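Worksheet: one structure, shown below.
The values are calculated or read from the model by the stated rules, or taken from the named source; none is laboratory data. As the structure is a prediction and not an experimental result, all values here were calculated from the model. We place every Cβ from the backbone using ideal geometry, glycine too, and count neighbours over all the protein chains shown.
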Amino acid sequence: MGVRLALEQDGFVVCGEEGTGPGAVAAALSDPPDLCLLDVNMPGGGIAAAAAIRARLPHTHVVMLATSGDDDDLFAALQAGASGYLLKGIDPARLGPALRAVLRGEAALPRALTARLIGEFRARAWHGQTGLARRGEHDLTIREWEVLDCLCEGLSGARIAKHLFISETTVRRHVGSILKKLDVPSREAAVEFVARRSRNLNAK
């Protein structure tokens, strides 16, 4: 109700409200709006709804509302076609101007999240220059290879987070995934795995 009131006071016409991702998709298809404001964590999946709406209604802009700036959710939302990713703590007076900017073809992102996006592009550019990063063995993602490279350099979780512009929670999640995919019990074992693999490659 607070969001609706803020938008209506700013001159927006709210043409529909839905509590689930599938419901939002159905409502958008029934009466295509200029913009959809979706909750990342809405039942049924806000990001999946964003992707479905953008696929069927390419002229409808989508902006996500999220509780926190989780990196995975941020990048997934942008990949789904969202033009903005705003945190729920945004000043209601700033919500309308942010959405109007999206309607003008601009992006709506808090400064902190913009910095993370810049860091992601930097990381990808750096990653493309390393031999380890280009290998797709063990189904590690690009980000997981980056985290693994940092582990091999002896960086702590806090320093990895700062280097890659991600949170320490995200670093821990990636480390857990790396250990599972490499089938090793610890960070040290993962580093040894890479060292052993490098020795084997150099010996060939």
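General remarks:
- So Pro110, is it surrounded by fewer than 20 Cβ atoms within 10 Å (Cβ to Cβ), at pLDDT below 90 and in contact with a strand residue (DSSP E or B) (Cβ under 7 Å, 6 or more places away or on another chain): yes
- Single residue of the range 14-51 satisfying the filter (of a type in the set (A, V, I, L, M) and under 19 Å from Gly105 (Cα atoms)) that is surrounded by the fewest Cβ atoms within 10 Å (Cβ to Cβ): Leu35
- Residue within the range 17-27 that is under 29 Å from Glu168 (Cβ atoms) and of a type in the set (Val, Ile, Thr) present: no
- Among the residues of the range 30-41, those identified as out of contact with any strand residue (DSSP E or B) (no Cβ under 9 Å at 6 or more places or on another chain) and farther than 20 Å from Arg100 by Cβ are Ser30, Asp31.
- Any hit, the range 176-190, residues being in a helix (DSSP H, G or I), farther than 22 Å from Asp70 by Cα, acidic (Asp, Glu) and at pLDDT below 85: no
- Selection status of Ala77, under 13 Å from the mean Cα position of the chain (by Cα), among the small types (Gly, Ala, Ser) and buried (at least 19 other Cβ atoms within 10 Å of the Cβ): yes
- Residue check for Ser68: crowded, with 22+ Cβ neighbours inside 10 Å, modelled with pLDDT under 95 and in the same structural domain as Gly105 (by TED's automatic domain parsing): no
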